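**Student:** Dumping the structure here so I can ask a few things about it.
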Ligand code: DCP
Ligand code: MG
């Protein structure tokens, strides 16, 4: 799906974090300098560091022979064989049978990430962690102690290497976009400083999908009007672009020219205001234990709620699906009393759906939940009664704090699975169904349907 124009078109306010307008602390007319740091093959590099015998060999984290799921990352040796993040374990094994597949050690990576972020604060008072292995620093004036910008960049690379034994790439530029793009261009183990003019030259020959925020389908739409490279995009007319993409069009042109487009919210087509937002997990081993299933459900609900909040929407219809080992994939859905982005609500109702759908004790291979009938949150705020506004406000504070932590240290850093509310063995009703934790909830139900997914 490409960007469309017109009042009917809605895309998620999903902004690549580096381009979030909220991140610009200073008036744009004040000349500033930014540094973007991104660790190289982060999870794999941490594993190589901790086991030097892996050096020089193709390494992937996640996946593995006989395992399901996906590769989270591959080291640069393995990338030569075509391995990459998000590739299915099966495909990765076909492409590189000799690769060493390692289990994911999330808490270790989060710990290392926190160490690195803390170290970066020595180099600038303004450090914005953007993901588990990426940060954007405002380094205006900070280079004076080091000689020049490149020397500051090198000092950061050396420090990370000496203290943590890990490689990274650093990009420096007059705005966060150029700094991020410079880091992308410098990978791996690189250091690239670009001024505005250098950025225009460096971007020009690149295919349009190399620009942060331009994915495959927008690239295809651009190609459809004869724009293949960032140079083509930079030289396009705003009229033509606006006609095809709406306000996003001229903003894309600005970005291709290396101009800070921070006042816009560049919507990432990979997550348009989808019809639904959901997550599912295929388990390494089938799960038949109810407590284990509940804990997975809580994790999924948290992830869905977080994505929903990030998109600035609320959703009305909740669907739960599970897959049995024979690949039967029944699903069950309900309409919530009011649209929500609250994980506790999702947990309550998803739990209820599970109790009605699941054959207790039956092994489960996959569990997923999704929320649809999404609408912008602001459209709903007027319709909430006083009580729910107060409740929502308290929930919002909590969500904000948790989202910040997860943005900073990754999805698994905080978990509510052991909070009092979800502790203990679930109760069963008279007919054997599982009663949700908290109060019983009234809802309108739709019959379970069964879909076959191969
Ligand atoms: N990651 C993940 N699932 C993905 C992509 C990434 O779990 N689909 C994890 C593994 C990566 C880490 O996040 O090591 C950081 O992601 P990056 O996109 O920065 O990728 P890498 O650091 O692995 O490689 P690069 O050198 O390209 O930055
Ligand atoms: Mg990285």
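**Student:** Hey, can you rank 157-163, 291-297 by average C-beta count inside 10 Å, highest first?
**Tutor:** Working: 157-163: 13.7, 291-297: 17.9.
Descending mean neighbour count gives 291-297, 157-163.
**Student:** Continuing with this model, one more query. Using mean Cβ contacts within 10 Å as the protection proxy, how do 225-236, 354-365 order, highest first?
**Tutor:** On the way: 225-236: 18.1, 354-365: 15.9.
Order by mean packing, descending: 225-236, 354-365.
**Student:** Compute the distance from the alpha-carbon center of region 320-361 to that of region 72-140, in whole Å.
**Tutor:** 32
**Student:** Looking at region 179-223, what % of the alpha carbon pairs are farther apart than 17 Å? Mind dumping the intermediate values first?
**Tutor:** Working: 367 of 990 pairs.
Pairs farther apart than 17 Å: 37 percent.
**Student:** Of all the C-alpha pairs in region 132-215, what % are more than 14 Å from each other? Could you put the intermediate results ahead of the total?
**Tutor:** Details: 2268 of 3486 pairs.
Above the 14 Å cut-off, region 132-215 has 65 percent of its Cα pairs.
**Student:** A further question follows. Provide the three semi-axes, in whole Å and in decreasing order, of the ellipsoid equivalent to region 42-106 as defined by the square roots of 5 times the Cα gyration tensor eigenvalues.
**Tutor:** Working: eigenvalues 54, 31, 19 Å².
Value: 16, 12, 10 Å, ordered largest first.
**Student:** Compute the distance in nm between two label points, each set 7 Å from the Cα along the Cα-to-Cβ direction, one at residue 148 and one at residue 225.
**Tutor:** 4.0
**Student:** Something else: Under the 0.36 nm per residue contour assumption, what length would be gained going from the current alpha-carbon distance of residue 50 and residue 108 to full extension? Provide the component values of the computation, followed by the final result.
**Tutor:** Details: separation 58, 0.36 × 58 = 20.88 nm, distance 1.07 nm.
Between residue 50 and residue 108, full extension yields 19.8 nm more.
**Student:** Using mean Cβ contacts within 10 Å as the protection proxy, how do 325-332, 76-83 order, highest first?
**Tutor:** Ranked from most to least packed, the peptides come out as 76-83, 325-332.
All of the numbers you see were taken from the coordinates with simple rules; none came from a lab. Owing to the predicted nature of the structure, the values given are computational and were not obtained by experimental measurement. Cβ atoms come from the backbone with ideal geometry, glycine included; neighbour counts cover every protein chain shown.
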